[in-house]
Ligand code: ADQ
């Protein structure tokens, strides 16, 4: 965000996401320190040159007092960020509740919560009310800062109600919405009690984007089957108004990864890792510790591989780096214990006094450490049960120009559609199939590895996050211009 301050005034892009790309730490009553998190979205938007981006979102902290809110607003303004203040109860019901307990599992085909039905219905209603209230609070902030000619880009499942709130304020506002998760089959979406309200609200946007064509098709089917609207090749039509629906597959800032490999601190780590794992092939998993990532399935498949290929038992190591998320949610705590239990059992079974087959870390790694790990890896394992795209697979490919390692990739990750020709695609639920894919990857001849890698590397290098953001924003701009033209005729 900071770089954009130096650019001349251009058309403004208001990027609205649940979280701002900063972490805020309170140092005193009116003093805050801010740390920019250099996520994919931040670098993607640095590439959108004709627009000047401003961020609107929650800063991730509860700030109940006015003095604190004033000070934080001022500090964030220097980073081109505008805060939405949410209190603890709203965060609990909207974010932990409706977003993470209902929409997240449903969109990843894990179904709705299975607790006592009445309790679920009651909590569902209050959580949905909080969701709408939170979305309205985001809309109030956007509306306050909106200037004529601005383009508004809303992100993800947290803000499905936002396009409608914004259009109510101003029907001329150019509004786009992009979903980072899968959009499930309409048969899954129709189980959601608030299915129609959410679809109608998203349709208030001018442009609706997904990572893959399949997700876009599921969305259009949901609108035709559940709402009875008409699907056209361009999107969904409702009473003569067209909402454009299309696929915009995200990428990564590939050059940042490729450049980092030459940095001395990465080279030092690469050499250290090579020394540590001399004589062993390195397999790698990097995930948020989330049920959608299929971590238990991955580890069980690795166990089956060791069982069936005893000649590899001392010759391969699986490094699983799992950054904990949503640690206050009981299902996530259960998942952590389950993973620890399986890892402990397998290490007990196949380990020796000097080496274990699995190194599992519950933590996040810094960018340079991650690049070094990607670079020394022989086989990367991505076994998501569902995943909107999965950027880890892209990052691995970007760091493999010299090693040309193999990517084993779940067919249920959006990335399977772009990296499928180079990767070994697997059904992560089929542990036997994943185990034999591990054997295939470890025994793959160098010419085949090279061919597969080149295919994926070309894709990752050329389809960047910057290009993704630029395409979405310029299509959003054009879509509305077209609509205006139609109106004028
Ligand atoms: P995520 O579910 O977070 O994103 P992913 O796309 O893989 O999944 O991105 C994860 C990011 O976090 C990567 O940049 C990765 O490097 C980083 N990361 C993960 N574990 C880490 C660790 N232990 N240490 C350091 N960094 C780690 C959501 C959707 C995805 C979609 C993206 C972007 O769920 O499907 O691809 O948004 O749209």
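Being surrounded by 15 or more Cβ atoms within 10 Å (Cβ to Cβ), in contact with a strand residue (DSSP E or B) (Cβ under 7 Å, 6 or more places away or on another chain) and either modelled with pLDDT under 95 or part of a loop (DSSP other than H, G, I, E, B) (or both) is the filter here, so list the residues in region 147-179 that pass it.
Those that are surrounded by 15 or more Cβ atoms within 10 Å (Cβ to Cβ), in contact with a strand residue (DSSP E or B) (Cβ under 7 Å, 6 or more places away or on another chain) and either modelled with pLDDT under 95 or part of a loop (DSSP other than H, G, I, E, B) (or both): 150, 156, 173, 179.
Here are some residues: 75, 17. Which one is at pLDDT 95 or above, under 28 Å from residue 473 (Cβ atoms) and within 16 Å of the ligand (Cβ to nearest atom)?
Working: 75 fails: within 16 Å of the ligand (Cβ to nearest atom).
It is 17.
What number of residues within region 45-78 satisfy the criterion of being under 15 Å from residue 13 (Cβ atoms) and not in a strand (DSSP E or B)? Outline the logic, then answer.
Start the filter on region 45-78 by keeping residues that are under 15 Å from residue 13 (Cβ atoms), which leaves 45-57.
Next, from what is left, pick out any that are not in a strand (DSSP E or B): 45-50.
Number of matching residues: 6.
Show me the strands (runs of 3 or more DSSP E) found entirely inside region 264-373 where at least 3 residues are free of Cβ contacts under 8 Å to residues at least 60 places away in the same chain. So that I can check it myself, show each step before the final result.
On the way: elements: 281-289, 316-324, 358-361.
Counting at least 3 such residues, we get 316-324, 358-361.
Test of understanding: among 125, 136, which residue is farther than 19 Å from residue 57 by Cα and either touching a residue at least 12 places away in the same chain (Cβ under 8 Å) or in a helix (DSSP H, G or I) (or both)?
125
Given the criterion part of a helix (DSSP H, G or I), within 16 Å of the ligand (Cβ to nearest atom) and crowded, with 16+ Cβ neighbours inside 10 Å, identify the matching residue among 393, 384. Please lay out each step first, then the result.
Numbers: 384 fails: part of a helix (DSSP H, G or I).
Sole residue among the options that is part of a helix (DSSP H, G or I), within 16 Å of the ligand (Cβ to nearest atom) and crowded, with 16+ Cβ neighbours inside 10 Å: 393.
Kindly check whether there is at least one residue in region 226-246 that is assigned to a helix (DSSP H, G or I) and either buried (at least 20 other Cβ atoms within 10 Å of the Cβ) or in contact (Cβ under 8 Å) with a residue 40 or more places away in the chain (or both). Step through it out loud before you land on a result.
Taking region 226-246 first, the residues assigned to a helix (DSSP H, G or I) are 226-227.
Going one step further and asking which of them are either buried (at least 20 other Cβ atoms within 10 Å of the Cβ) or in contact (Cβ under 8 Å) with a residue 40 or more places away in the chain (or both), we end up with 226.
The answer is yes; a qualifying residue exists.
One residue is enough: does region 340-358 have a residue meeting the conditions within 16 Å of the ligand (Cβ to nearest atom) and closer than 30 Å to residue 457 by Cβ? Outline the logic, then answer.
Of region 340-358, the ones within 16 Å of the ligand (Cβ to nearest atom) are 340, 343, 358.
Now drop any that are not closer than 30 Å to residue 457 by Cβ, which leaves 358.
Yes, some residue in region 340-358 is within 16 Å of the ligand (Cβ to nearest atom) and closer than 30 Å to residue 457 by Cβ.
Output yes when any residue across region 367-381 is surrounded by fewer than 20 Cβ atoms within 10 Å (Cβ to Cβ) and either away from the ligand (no atom under 14 Å from the Cβ) or over 23 Å from residue 290 (Cβ atoms) (or both), and no when none is. Spell out how you get there, then give the answer.
Restricting attention to region 367-381, the residues satisfying the condition of being surrounded by fewer than 20 Cβ atoms within 10 Å (Cβ to Cβ) are 367-369.
With the extra rule that they be either away from the ligand (no atom under 14 Å from the Cβ) or over 23 Å from residue 290 (Cβ atoms) (or both), the set shrinks to 368.
Yes, some residue in region 367-381 is surrounded by fewer than 20 Cβ atoms within 10 Å (Cβ to Cβ) and either away from the ligand (no atom under 14 Å from the Cβ) or over 23 Å from residue 290 (Cβ atoms) (or both).
Checking the structure you have, find out if any residue of region 414-429 is farther than 17 Å from residue 298 by Cα and part of a strand (DSSP E or B).
No, that holds for no residue.
Does region 267-279 include one or more residues that are touching a strand residue (DSSP E or B) at 6+ places or on another chain (Cβ under 7 Å) and at pLDDT 95 or above? Spell out the reasoning first.
First, pick out the residues of region 267-279 that are touching a strand residue (DSSP E or B) at 6+ places or on another chain (Cβ under 7 Å): 277.
Imposing the further condition that a residue be at pLDDT 95 or above reduces the set to 277.
Yes, there is a match, as at least one residue in region 267-279 is touching a strand residue (DSSP E or B) at 6+ places or on another chain (Cβ under 7 Å) and at pLDDT 95 or above.
Inside region 256-275, can you point out the residues that are farther than 17 Å from residue 378 by Cβ and surrounded by fewer than 12 Cβ atoms within 10 Å (Cβ to Cβ)?
262, 264, listed by residue number.
Yes/no matrix, rows are residues, columns are (1) under 19 Å from the mean Cα position of the chain (by Cα); (2) away from the ligand (no atom under 13 Å from the Cβ); (3) without any contact (Cβ under 8 Å) to a residue 12 or more places away in the chain; (4) within 23 Å of residue 178 (Cα to Cα):
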{"residue": "398", "(1), (2), (3), (4)": "yes, no, no, no"}
{"residue": "401", "(1), (2), (3), (4)": "no, yes, no, no"}
{"residue": "439", "(1), (2), (3), (4)": "no, yes, no, no"}
{"residue": "445", "(1), (2), (3), (4)": "no, yes, yes, no"}
{"residue": "453", "(1), (2), (3), (4)": "no, yes, no, no"}
{"residue": "468", "(1), (2), (3), (4)": "yes, no, no, yes"}
{"residue": "476", "(1), (2), (3), (4)": "no, yes, no, yes"}
{"residue": "479", "(1), (2), (3), (4)": "no, yes, no, yes"}
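The conditions are (1) away from the ligand (no atom under 15 Å from the Cβ); (2) more than 30 Å from residue 107 (Cα to Cα); (3) in contact (Cβ under 8 Å) with a residue 24 or more places away in the chain, and residue 259 fails exactly one of them. Which is it?
All conditions pass for residue 259, except number (3).
The values are calculated or read from the model by the stated rules, or taken from the named source; none is laboratory data. Predicted model, so just to flag it, every value in this text is computed and none were measured. Counting neighbours? That spans all protein chains shown, and the Cβs are built from the backbone with ideal geometry, glycine included.
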